[in-house]
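Reviewing the structure listed below.
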Amino acid sequence: MTSDAASALPDPTAEVVDLCRDLLRIDTTNTGDNDTSVGERRAAEYVAEKLAEVGVESVLHESAPGRANVVARIPGTDPSRGALLVHGHLDVVPADADEWSVGPFSGELRDGYLWGRGAIDMKDFDAMVLAVVRHWQRTGVRPPRDIVLAYTADEEAGSDYGARFLVDNHRGLFDGCTEAIGEVGGFSYSVNDNQRLYLIETAEKGIDWLRLHAKGRPGHGSMMHDDNAVTALAEAVARIGRHRFPVVVTDTVRAFLTEVSDLLGIELDPDDPETAIAKLGPIANIIGATIRNTANPTRLSAGYKDNVIPGRATATIDCRSLPGQSELLERQLRELVGPDIAIEYVQRQPALETTFDGDLVEAMSAALRAEDPGARPVPYMLSGGTDAKAFSQLGIRCFGFAPLRLPADLNFSALFHGIDERVPVDGLQFGVRVLDRFLRTC
Ligand SMILES: [Zn+2]
């Protein structure tokens, strides 16, 4: 193709803005309930159409009416190599329009940002990947290895209708996939004008959601009563809620803290990582949760009348375990609640941890440095969970790498599921350039 023809093609860094905006305008609210969740099918069809326009065939897999996933495979030049899975979810958490400065599904462009629910979680990455693939298809670029694209439903409510559905029912789609990249990694954290950390997710905590059940003797609220289920439950919930689990520094967190303390000139005491973490500013919230198991009470339920002592009471506790600590956490919780409270797991998904090394990590780091000479890639552990939990069940080594260069003063972690979620347009364009380089060399 002549350079004239090439220059007439849409620039992927311009196109990503339109693609992201279109996706933001499709309301894909996931309420956790099939009857009230919306838009995933429309978003999946949009992605399939944008892929089809440039000759990429995709398959749409619906797990329940409206809950749609799209998967496509882009053949690489070396079929003997393992494939790379690139995954992004299309659903978003609900947004209350009254709390926002703009319509949460307006996709408004204002002050250099694209605004909308999903702007950083994670329609930004969904759009970046589309922009890169469309550009490649138009210009005849082929990746070195197969790339499997998966756009999923239901990540925000446990992935049952999305990644877990695909893994359980269509695992053949991921044949040959050895590594994966997805959300919550690759974003920058400014140290100073010349240096930025890029946090690459190499580990995530496990999900251990449990329900406590207390039983007692039902009775009349006006009488003496020494076997009250509400009292027993309340005591157990308070003990858990106030408990601080011991600090355990995993390899990932140690690598992160070592690099960061070196860069920031913070003294790191291995016996007291919390002092160093407290100096990290806005990301202290994320990192602080990755040095211990956590257990936060989130729901209570008991009783049906003001003057009746109920025979049962239940509470939900959102626990998150460090890699390899789920069983230990269960024992710790049993000890805290005592023998009379029953524990039932409502969700249990394993923690993940991989090493920060190898060719793929090199390719990520090189792509970041090429676009930002001040980039310092570091591994980190996410305190939450992603679709990586499902894909790792297939033996795939998963990373969080959705590259984004952010302004120094933006409180990025507060935007996740937050009010006025927005993504800087230049950050989005930076992400396209990094991804383009990375995927050509992965
Ligand atoms: Zn997400």
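A few points about this structure:
- Computed from label points 7 Å out along Cα-Cβ, the spacing between Ser80 and Ser101 is 5.5 nm.
- Near-label residues of region 172-206 by backbone N, under 12 Å of a point 7 Å along Cα→Cβ of Asp251: 203
- Pairwise alpha-carbon distances in region 204-347 exceed 17 Å for 65% of all pairs.
- Heavy-atom accessible area order for Asp35, Asp126, Asp269, largest first, 1.4 Å probe: Asp35, Asp269, Asp126
- 20 °C / 1.002 mPa s Stokes-Einstein diffusion coefficient of the chain, Kirkwood radius on C-alpha pairs, µm²/s: 92
- Cβ-Cβ distance of Asp426 and Arg171, R₀ of 45 Å, FRET efficiency by 1/(1 + (r/R0)^6): the value works out to about 0.70.
- Sequence of Tyr46, Tyr151, Tyr304 when ordered by accessible area, the most exposed leading, probe 1.4 angstrom: Tyr304, Tyr46, Tyr151
- Zone residues, region 332-347, relative to His225, backbone N less than 20 Å from point 7 Å out along Cα-to-Cβ: 340-342
- When the helices of the chain are scored as -39500 (n - 2.57) per DSSP H run of n ≥ 4 and the total is divided over every residue, the value at 222 nm lands at -10000 deg cm²/dmol.
- Gyration tensor (alpha-carbon) shape descriptor, region 349-442, a/c threshold 1.5: oblate
- Kirkwood hydrodynamic radius (C-alpha pairs) into Stokes-Einstein, region 82-128, 10 °C and 1.306 mPa s, D in µm²/s: 133
- The phi torsions of region 140-147, fed into the Karplus equation with coefficients 6.51, -1.76 and 1.60 and a -60° offset, translate into couplings of x, 7, 10, x, x, 9, 4, 10 Hz, rounded to whole numbers, with Gly and Pro shown as x.
- Placing dummy labels 7 Å off each Cα toward the beta-carbon, the span from Asp269 to Val308 is 5.5 nm.
- Mean separation of Cα contacts under 8 Å, 6 or more apart, over the residue count of the chain: relative contact order %: 24
- Cα shape, region 24-80, gyration tensor, a/c 1.5 rule: prolate
- Shape category assigned to region 1-132 from the gyration tensor of Cα positions, a/c cut at 1.5: oblate
- C-alpha long axis of helix 425-441 to longest principal axis of the chain, angle in °: 70
- Accessible area, probe 1.4 Å, largest first, for residues Arg110, Arg242: Arg242, Arg110
- Taking all protein chains as they are arranged and a probe of 1.4 Å, the heavy atoms of Leu9 leave approximately 50 Å² accessible to solvent.
- For region 204-347, the Cβ-based charge dipole about the Cα centre amounts to some 700 debye (Lys, Arg positive; Asp, Glu negative; other atoms uncharged).
- For the chain, share of DSSP beta bridges that run antiparallel, in % to the nearest 5: 70
- Reachable lysines from Lys205, criterion Cα separation under 18 angstrom, eight or more residues apart if same chain: Lys389
- In this simple spin-label approximation, Asp318 and Asn192 carry label points 7 Å from Cα along the Cα→Cβ vector, and these lie 3.8 nm apart.
- With the charge dipole of region 382-442 set up from +1 on Lys and Arg Cβ and -1 on Asp and Glu Cβ about the Cα centre, the Cα lying farthest toward the positive end among the listed residues Ala408, Pro424, Cys398 is that of Cys398.
- Carbon/sulfur fraction of accessible area - region 204-347, other protein chains in place, 1.4 Å, %: 50
The values are calculated or read from the model by the stated rules, or taken from the named source; none is laboratory data. Quick caveat: nothing in here was measured; it's all calculated off a predicted structure. Counting neighbours? That spans all protein chains shown, and the Cβs are built from the backbone with ideal geometry, glycine included. With ligands, DNA and RNA removed, areas are computed over all heavy atoms of the protein, side chains included. Shrake-Rupley method; radii C 1.70, N 1.55, O 1.52, S 1.80 Å.
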